[in-house]
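Asks: Okay, handing you the structure first.
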Amino acid sequence: TSGPEWLTAWSDDDGAARVASSFASVVGGAAEGVWSAPGRVNLIGEHTDYNGGLCLPIAIEHRTFVALRRRDDGVVRLASAQRDGVWEVALDGVAPGTVHGWGAYVAGVAWALAGDGHDVPGFDAVVDSCVPFGAGLSSSAALESAFAVALDDLLGLGLAADDAGRARLAAACVRAENEIAGAPTGGMDQAASLRSRARHALLLDCLDLSVTHVPYDASSAGLELLVVDTRAPHSHVDGEYAERRDATHAAALALGVPTLREWLDADRSVDDAVAALPDAVSRRRVRHVLTEIGRTRDFVTALTGGDWERAGRLMDASHASLRDDYEVTVPELDTAVETARSEGAVGARMTGGGFGGSAIALVPAGTAGAVATSVAAEFARHGFAPPAFLTSDAAAPAARVTPV
Ligand code: ADP
Ligand code: MG
């Protein structure tokens, strides 16, 4: 038998060679450069972004690579190793509701930068990626962010040079995804891909989108981060997210605060918020959001103090809250987390929106393979689809790979 499936990250050289050679064969000639952007996992702070809360993603080593060359006719032509055919649009026709398919994420970035007053030309581009799609690891933000830094670089905008500029690129990517691709997204994914630092987690304050870089080096603590792509089928996800968003926003209104986060900022307690709400479901939803914001703060304190055992317990508590109070886990996520824990993980939790997607586990260095084998066996025993696995340190943000 072949053992569990591993999704390995490509080196910069491998990724650049792939897109450069497919550029030569699909488009012809040489690209002006190659850029790449990472996917992400959120260590803790889940479902708090739309409540003004805190999240703590890391960029992963898995990246999306783009080779690009400008055109002078305002046309965007794209090819992806992950999709058949060529996707094409004239930039002056791009507006909300007018473009469909995967190229909308890319055309949307050009559209958003043009909306910021930049003179954005058409381009030919080729994409290839080792970030799995729809696994909750944010392949969409990796795609947008790779194009954002490519255009920033070629147009000489200079935004990628500092965090304030990268925050503007991230905002353009969010508008691309919301308004052109038509997918609701809170902003964590784009911030992680564009504003992270290698060997640091990114503490993102969703109230003002300010960031703090928190040193994160699991290997120095004798640990590694295992990611389990559960491959669980997503169903009814949009409706479920909308229910959570509406319930928590209604609760904030009932509590008289603009966001649930600001209840905590006003020094009010979780218990008082819960007691003030009329129904059991909104009490559970609010308890998750408020306690999760607290856990994220505590996790940062634990990381800063090198207390990985405490960090692991906070991950466990986050998962329990997402399972019992927020009700966004599925049996595959619970099984991945429970198995990882019984195999020695210091902490494990679902990551991303839930209802499928991925789980993460902090495991002793050198044990990821054994934990993965056990998780895969447990999945088989339950009759779940085979999961896939990867490990990652906190990687570098979106950047140019080859010189222009
Ligand atoms: P996630 O971001 O969690 O992976 P999403 O549903 O938000 O899942 O985004 C996945 C979509 O992004 C894909 O269906 C596709 O449209 C687009 N996409 C991401 N990466 C690529 C790629 N390398 N090539 C083509 N399309 C991509
Ligand atoms: Mg996405």
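The values are calculated or read from the model by the stated rules, or taken from the named source; none is laboratory data. Just so it is clear, the structure is predicted and the values come from calculations on it, not from any experiment. Cβ coordinates were reconstructed from backbone atoms using ideal geometry, including for glycine residues, and neighbour counts include every protein chain displayed. Protein only, heavy atoms only, side chains kept; ligands, DNA and RNA dropped before computing areas. Shrake-Rupley method; radii C 1.70, N 1.55, O 1.52, S 1.80 Å.
Asks: Could you grab me the full set of residues in segment 80-110 that are closer than 30 Å to Thr391 by Cβ and either more than 16 Å from ligand 2 (Cβ to nearest atom) or not in a strand (DSSP E or B) (or both)?
Replies: Across segment 80-110, the qualifying residues are Ala81, Gln82, Arg83, Trp102, Tyr105, Val106, Val109.
Asks: Which residues, counting only those in segment 172-195, are more than 16 Å from ligand 1 (Cβ to nearest atom) and within 27 Å of Asp393 (Cβ to Cβ)? Before the answer, list the steps.
Replies: Start the filter on segment 172-195 by keeping residues that are more than 16 Å from ligand 1 (Cβ to nearest atom), which leaves 172, 195.
Once the filter is applied, which keeps residues that are more than 16 Å from ligand 1 (Cβ to nearest atom) and within 27 Å of Asp393 (Cβ to Cβ), segment 172-195 yields only Arg195.
Asks: Anything in segment 46-82 that is farther than 30 Å from Leu225 by Cβ and within 16 Å of ligand 1 (Cβ to nearest atom)? List them, or say none.
Replies: Result: Leu68, Val76, Arg77, Leu78, Ala79.
Asks: Next question, about the same structure. Of the residues in segment 120-131, how many are part of a loop (DSSP other than H, G, I, E, B) and either away from ligand 2 (no atom under 12 Å from the Cβ) or modelled with pLDDT under 95 (or both)?
Replies: 3
Asks: Kindly indicate which of Ala160, Ala114, Ala167, Ala141 is open to solvent by less than 10 Å² (accessible area, probe 1.4 Å) and of a type outside the set (Lys, Arg).
Replies: Ala141
Asks: Okay, next question. What number of residues within segment 185-209 are surrounded by fewer than 20 Cβ atoms within 10 Å (Cβ to Cβ) and on the phi > 0 side of the Ramachandran plot?
Replies: Summing the residues that are surrounded by fewer than 20 Cβ atoms within 10 Å (Cβ to Cβ) and on the phi > 0 side of the Ramachandran plot in segment 185-209 gives 2.
Asks: If you go through segment 233-250 one residue at a time, do you hit one that is open to solvent by 60 Å² or more (accessible area, probe 1.4 Å), more than 30 Å from Glu5 (Cβ to Cβ) and over 25 Å from the mean Cα position of the chain (by Cα)?
Replies: Within segment 233-250, not a single residue is open to solvent by 60 Å² or more (accessible area, probe 1.4 Å), more than 30 Å from Glu5 (Cβ to Cβ) and over 25 Å from the mean Cα position of the chain (by Cα).
Asks: Got a number for residues in segment 117-153 being away from ligand 1 (no atom under 15 Å from the Cβ) and closer than 18 Å to Gly187 by Cα?
Replies: 1
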